[in-house]
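One structure below.
The values are calculated or read from the model by the stated rules, or taken from the named source; none is laboratory data. Worth saying up front: this structure is predicted, and the values here are computed from it rather than measured. Cβ atoms come from the backbone with ideal geometry, glycine included; neighbour counts cover every protein chain shown.
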């Protein structure tokens, strides 16, 4: 249902056209596959969050290229691709007073599921809450 993982966050002190392409180009040249990402910013600064298949390699090569990189714990929550599926998990976290710092999610219309990457203040406790709750549910719920 969900797994704990890490993401890398790249902080751009000077966000300009091509900043993100510079990072994705480096990852591509080193055969690091981007599994999920989100980015935001303005002309002054920006952030890009990546879940990748080789986090240690990605972290090291980006740092060696002069980028400010941070590794962070996140949850990758697998949810059904139906209305309300994500809400159940988010409501459960809220009921346990677990704050979500940010979330990014994706689904494909052609598949039955989607993935939400959740950065929260207590990733380990959030995982425990979700696992305990969904362990007892039928697979159709």
Could you check the stretch 1-45 and list, in sequence order, the residues that are closer than 21 Å to residue 103 by Cα, without any contact (Cβ under 8 Å) to a residue 24 or more places away in the chain and either over 17 Å from the mean Cα position of the chain (by Cα) or in a helix (DSSP H, G or I) (or both)?
24
Tell me yes or no: at least one residue of the stretch 130-140 is touching a strand residue (DSSP E or B) at 6+ places or on another chain (Cβ under 7 Å) and in a strand (DSSP E or B).
no
Filter the stretch 74-92 for residues that are surrounded by 12 or more Cβ atoms within 10 Å (Cβ to Cβ) and either in a loop (DSSP other than H, G, I, E, B) or within 13 Å of the chain's Cα centre (by Cα) (or both) and give the result.
74, 75, 76, 77, 78, 81
Look through 71, 48 and report the one residue that is touching a residue at least 24 places away in the same chain (Cβ under 8 Å), exposed (fewer than 14 other Cβ atoms within 10 Å of the Cβ), assigned to a strand (DSSP E or B) and within 14 Å of the chain's Cα centre (by Cα).
71
Exactly one of 60, 53 is under 23 Å from residue 40 (Cα atoms), without any contact (Cβ under 8 Å) to a residue 40 or more places away in the chain and over 15 Å from the mean Cα position of the chain (by Cα), and that one is 60
Can you go through 97, 101 and tell me which one is modelled with pLDDT of 90 or more, surrounded by fewer than 17 Cβ atoms within 10 Å (Cβ to Cβ) and part of a loop (DSSP other than H, G, I, E, B)?
97
